[in-house]
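Participant: Can you keep this structure in mind? I'll have questions shortly.
The values are calculated or read from the model by the stated rules, or taken from the named source; none is laboratory data. Values in this document were obtained by computation on a predicted structure and should not be read as measured data. Cβ placement follows ideal geometry from the backbone for every residue including glycine, while neighbour counts extend to all protein chains displayed. These area figures cover heavy atoms from the full protein model, side chains too; ligands, DNA and RNA do not enter into them. Shrake-Rupley method; radii C 1.70, N 1.55, O 1.52, S 1.80 Å.
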Amino acid sequence: MMMSKNIFIDCGFHLGEGLTEFISMLNIDSNWEIHCFEANPACEIHNKISQFSHLNIHVYNKAVWVHDNGVLFNQESNVGGSPKVNSTSNIDGWGSSISDLNSSHGYESQTFIESLDFPNWIKKFEGCNVFCKMDIEGSEYKCLSKFPFSDYKPKLFIIEKSHYKMESFMIENGYEQIYNPYSTIDYELYFKLK
């Protein structure tokens, strides 16, 4: 009997901090297929991915969103905010987000970027063991509200706590919230398929 393929999807790669954590937590190795998305071009994702060259990684400089038409993107400065992590830019800060979200964050500059219809794209992994991390600065709920849960359900979601309805929404869609003993990050929610 053939085993299902393990897929890790990192929505909000930033500078690789999250992937590093989950490689250890999920025992990710070269047998896994990894998809990393980062919307902010200032993060230079292609330069940061070299530290993971031993893994099977696909890289996308696109916003995880609900259509493929592109979006206006606010680039936020990290000066005076979160510290830089191996960064060469001052506009790769946490909080950079899609303009449609009407974020309360200020921003340093705006740019038009490619977007990906995430709810449609992820369907191609039906039958696989999918683990999805979403830290996309407020876009999580919008993307998941269009998700085809009636047709397809990833095994685990790790979601930035950015919307007050997220917990009840995920429970309504067949997930249970779980505690993660490996993480000390209090703004992440873990949802396991029931």
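Participant: Rank these by accessible area, largest first, 1.4 Å probe: Lys194, Lys48, Lys5.
Facilitator: Reading off the accessible areas and sorting them downward yields Lys194, Lys5, Lys48.
Participant: Moving to a separate point now. Among the chymotrypsin sites (Phe, Trp or Tyr not before Pro) within region 130-166, which fall in a DSSP loop and have no more than 14 other Cβ atoms within 10 Å of their own Cβ?
Facilitator: Tyr164
Participant: Are there GluC sites (Glu not before Pro) in region 117-186 that DSSP puts in a loop and that have at most 15 other Cβ atoms within 10 Å, and which ones?
Facilitator: Glu126
Participant: Give the cross-link partners of Lys161 among the lysines, using a straight C-alpha distance below 17 Å as the criterion and excluding same-chain residues fewer than 8 apart.
Facilitator: Cross-link targets: Lys133, Lys142, Lys192.
Participant: About the Cα centre of region 106-151, how large is the charge dipole given +1 on each Lys and Arg Cβ and -1 on each Asp and Glu Cβ? Please answer in debye to the nearest 20.
Facilitator: So the dipole magnitude of region 106-151 works out to roughly 200 debye.
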